[in-house]
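Enquirer: Okay, handing you the structure first.
The values are calculated or read from the model by the stated rules, or taken from the named source; none is laboratory data. Because the structure is predicted, anything quoted here is derived from the model rather than measured. Because the Cβ atoms are built from the backbone with ideal geometry, glycine has one as well, and the counts that use them run over all protein chains shown. Quick note on the areas: whole protein, heavy atoms, side chains included, nothing else; ligands and nucleic acids left out. Shrake-Rupley method; radii C 1.70, N 1.55, O 1.52, S 1.80 Å.
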Amino acid sequence: MCPAPQNPAAWSPDSWRDKVCVQQPVYRDTDRLQRVKGSLSELPPLVTSFEIERLRKLLAEAQQGKRFLLQGGDCAERVADCQSEPVAQRLKILLQMSLVLTHGLRVPVVRVGRFAGQYAKPRSRPTETRMVDGHNLTLPSYFGDLINRLEFSEEAREPNPDHMLECYYHSALTLNFVRAWVEGGFTDLRELDRWDLSFLTAAGLTPERRGEYQRMTQNLADGLSMVHSLGGVTAKDPSQAAVFSSHEGLHLDFEQALSRPVPGREGSYDLSTHFPWIGDRTRSLDGGHVEFFRGIRNPIAVKLGPSSTRQDVVELAKVLNPSDEPGRLTFITRLGADRVGDYLPTWIEAMGDRPVLWVCDPMHGNTSTTQSGYKTRSFEAIAQEFERTSAVHEACGSYLGGLHVEVTPDDVTECIGGTEGPDEATLRHRYQTACDPRLNYQQALELAFRLAHHVQDGR
Ligand code: PEP
Ligand code: CO
């Protein structure tokens, strides 16, 4: 059982309210807000403390280099996508990536979806202006389905407390479906011919890479048939089969309403998700997010971008994990491929022997806007950020224990490159994201192959 926060008297479920809280919605109907919070706090939790404690153990093992974390899914999950096929497909891409990584890295992969609650988005601007009927119209930005709606109308963009209930129910439906799939043993994953691996024969792949990837595919096929003959992924060790949920813990009223003490355990758990993270925009040491999550028992991740100082890194570890509990703290670095070497070595050195799981998010530091106005990311920069991050960890005697990605199973054209991906001119063909550009199915699988091969090659 984990120890209580060092200064429990100073923390309460409400103590974040005395801090500066950025990126919080302002609701007009405050009575309705109170009623929704009341309902949420009485509804059953979405996850259990048993599952959370199981994940903490797996993350502690990942810190020691015995496992690797794959965390992935949409940038902004949509309520409208809570349907059987899209949910199954999102799970499938996560599992396929994890199988490629497991075979390449030769350690079990801990799978965590950016789903079943990834409904709140921090935004760089509070408002958005568009030309409507010849006039400039300024409305609140889209902050994710938990808060408002994407459609550009006054009504849709007004923060609505009822969206919290709607997202709660859709998270529950998603989790229910995911758990059923996990229980079923992922039966249709084992036949490699049902995977779309056409990028392996694409003209853009160099002959060397093609040869290496085809060898990996053969090993993977052999490995999967072995799993099959042993009776499936779920066979003996339930941690091998589990899929956990995660989301950015952004909306503090929502997170608080789903946090509660658990009988037989110390402290409060955030039961809206297994693994909340604090975003790069909300990780301020004196802000409400760090205050709230320091008193919550779940494992917690923090995104670290280039504005984080060495001091921030050390202080975040002290505040969020004062007793150096294994599995409690994850740092997700998201620097941009060209900046990894300027920041990461200092942070690793500053953390010394303190337990932390280092994860690379190669997406958020590599975002750019094309001349025609599309927000995009290059596949090459994404792969390079991971490769450079892995090289820095190796040089510093530390372990890169995870990958955090924004992916979709759909054939979208949002990120540029990969052997079959779009270029700048074709981005507009199927550009569908509600927020950040995601890797499509082919790009996601190709990335898994490339990173698995990179790690194998370095051994
Ligand atoms: C995100 O993960 O979608 C996000 C907003 O990331 P970051 O906090 O790293 O910018
Ligand atoms: Co994003």
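Enquirer: Out of curiosity, is D74 within 16 Å of ligand 2 (Cβ to nearest atom) and crowded, with 21+ Cβ neighbours inside 10 Å?
Expert: It is true that D74 is within 16 Å of ligand 2 (Cβ to nearest atom) and crowded, with 21+ Cβ neighbours inside 10 Å.
Enquirer: Here is a follow-up. Pairs, please: C-beta under 9 Å, at least 6 apart or cross-chain, first residue away from ligand 2 (no atom under 15 Å from the Cβ) and among the aliphatic types (A, V, I, L, M) and in region 429-449, second modelled with pLDDT of 95 or more and assigned to a helix (DSSP H, G or I)?
Expert: Note: pairs meeting the criteria are L447/F379; L447/I382; L447/A383; L447/F386.
Enquirer: Tell me which residues, restricted to region 279-309, are under 25 Å from R179 (Cα atoms) and either without any contact (Cβ under 8 Å) to a residue 40 or more places away in the chain or among the β-branched types (V, I, T) (or both).
Expert: Of everything in region 279-309, those that are under 25 Å from R179 (Cα atoms) and either without any contact (Cβ under 8 Å) to a residue 40 or more places away in the chain or among the β-branched types (V, I, T) (or both) turn out to be I296, I300.
Enquirer: Scan region 59-71 residue by residue and report those that are open to solvent by 10 Å² or more (accessible area, probe 1.4 Å) and either within 16 Å of ligand 1 (Cβ to nearest atom) or assigned to a loop (DSSP other than H, G, I, E, B) (or both).
Expert: Within region 59-71, Q64, G65, K66, R67 meet the criteria.
Enquirer: Just one of (1) more than 19 Å from the chain's Cα centre (by Cα); (2) away from ligand 1 (no atom under 16 Å from the Cβ); (3) surrounded by 18 or more Cβ atoms within 10 Å (Cβ to Cβ) trips up Y142, so point out which.
Expert: Y142 satisfies all of (1) more than 19 Å from the chain's Cα centre (by Cα); (2) away from ligand 1 (no atom under 16 Å from the Cβ); (3) surrounded by 18 or more Cβ atoms within 10 Å (Cβ to Cβ) except (2).
Enquirer: Additional query: Determine whether L94 is at pLDDT below 95, within 16 Å of ligand 1 (Cβ to nearest atom) and touching a Lys or Arg at 6+ places or on another chain (Cβ under 8 Å).
Expert: Yes; evaluated as a whole, the condition is true for this residue.
Enquirer: Which helices (runs of 4 or more DSSP H) does region 198-300 wholly contain that include 1 or more residues that are open to solvent by less than 10 Å² (accessible area, probe 1.4 Å) and modelled with pLDDT under 95?
Expert: 207-229, 238-241
Enquirer: Working only within region 380-406, note down all residues that are away from ligand 1 (no atom under 16 Å from the Cβ) and within 18 Å of the chain's Cα centre (by Cα).
Expert: A383, L400, G401
Enquirer: Modelled with pLDDT of 95 or more, open to solvent by less than 10 Å² (accessible area, probe 1.4 Å) and within 16 Å of ligand 2 (Cβ to nearest atom): is that true of G305 in this structure? Break it down stepwise before answering.
Expert: Values: modelled with pLDDT of 95 or more: yes; open to solvent by less than 10 Å² (accessible area, probe 1.4 Å): yes; within 16 Å of ligand 2 (Cβ to nearest atom): yes.
Taking the combined requirement at face value, the residue satisfies it.
Enquirer: Residues in region 32-48 that are hydrophobic (A, V, I, L, M, F, W, C) and under 26 Å from the mean Cα position of the chain (by Cα): how many? So that I can check it myself, show each step before the final result.
Expert: Going through region 32-48, the residues hydrophobic (A, V, I, L, M, F, W, C) turn out to be 33, 36, 40, 43, 46-47.
The next check asks that each one be under 26 Å from the mean Cα position of the chain (by Cα); those that pass are 40, 43, 46-47.
The qualifying residues number 4.
Enquirer: Filtering region 77-99 down to residues that are within 26 Å of E212 (Cα to Cα) and out of contact with any strand residue (DSSP E or B) (no Cβ under 9 Å at 6 or more places or on another chain), which residue is most open to solvent (accessible area, probe 1.4 Å)?
Expert: Per the stated criteria, the residue is K92.
Enquirer: Would you point out the residue of region 338-354, among those that are assigned to a loop (DSSP other than H, G, I, E, B) and charged (D, E, K, R), that is most open to solvent (accessible area, probe 1.4 Å)?
Expert: In this case the residue turns out to be D353.
Enquirer: Restrict the check to region 416-424 and report whether at least one residue is among the aliphatic types (A, V, I, L, M), open to solvent by less than 20 Å² (accessible area, probe 1.4 Å), at negative phi and modelled with pLDDT of 95 or more.
Expert: The answer is no, given that none of the residues of region 416-424 is among the aliphatic types (A, V, I, L, M), open to solvent by less than 20 Å² (accessible area, probe 1.4 Å), at negative phi and modelled with pLDDT of 95 or more.
Enquirer: If you scan region 381-407, which residues turn out to be of a type in the set (V, I, T) and in contact with a Pro (Cβ under 9 Å, 6 or more places away or on another chain)?
Expert: Scanning region 381-407 gives I382, T389, V392, V405.
Enquirer: Which one is nearest to ligand 2 (Cβ to nearest atom) among residues in region 376-397 that are open to solvent by 10 Å² or more (accessible area, probe 1.4 Å) and more than 30 Å from G327 (Cα to Cα)?
Expert: First, pick out the residues of region 376-397 that are open to solvent by 10 Å² or more (accessible area, probe 1.4 Å): 378, 380-381, 384, 387-388, 390-392, 394-397.
Subsequent filtering for residues that are more than 30 Å from G327 (Cα to Cα) retains 378, 380.
Numbers: S378: 16, E380: 19 Å.
Only one residue tops the list, namely S378.
Enquirer: Just to be sure before I move on: is R354 in contact with a Ser or Thr (Cβ under 7 Å, 6 or more places away or on another chain), without any contact (Cβ under 8 Å) to a residue 60 or more places away in the chain and among the charged types (D, E, K, R) in the structure I sent?
Expert: For R354, the condition - in contact with a Ser or Thr (Cβ under 7 Å, 6 or more places away or on another chain), without any contact (Cβ under 8 Å) to a residue 60 or more places away in the chain and among the charged types (D, E, K, R) - is not met.
Enquirer: Among L427, L447, L400, L439, which is the only one that is more than 21 Å from C75 (Cα to Cα) and surrounded by 20 or more Cβ atoms within 10 Å (Cβ to Cβ)?
Expert: Just a single option satisfies the conditions, and that option is L400.
Enquirer: Take the residues of region 361-375 that are more than 17 Å from R114 (Cβ to Cβ) and among the hydroxyl-bearing types (S, T, Y): which is least open to solvent (accessible area, probe 1.4 Å)?
Expert: T370
Enquirer: Within the set of pairs 6+ apart or on separate chains, which have a first residue in region 160-177 that is surrounded by fewer than 23 Cβ atoms within 10 Å (Cβ to Cβ), a second that is at pLDDT below 95 and part of a helix (DSSP H, G or I), and C-beta atoms under 7 Å apart?
Expert: Final answer for the pair search is F177/S84; F177/V87.
Enquirer: Tell me the residue from E128, E155 that is surrounded by 12 or more Cβ atoms within 10 Å (Cβ to Cβ), over 22 Å from the mean Cα position of the chain (by Cα) and without any contact (Cβ under 8 Å) to a residue 40 or more places away in the chain, please.
Expert: E128
Enquirer: Additional query: With (1) among the acidic types (D, E); (2) in a loop (DSSP other than H, G, I, E, B); (3) closer than 30 Å to G397 by Cα as the list, and E77 as the residue in question, which single condition is left unmet?
Expert: In the conditions (1) among the acidic types (D, E); (2) in a loop (DSSP other than H, G, I, E, B); (3) closer than 30 Å to G397 by Cα, E77 misses (3) alone.
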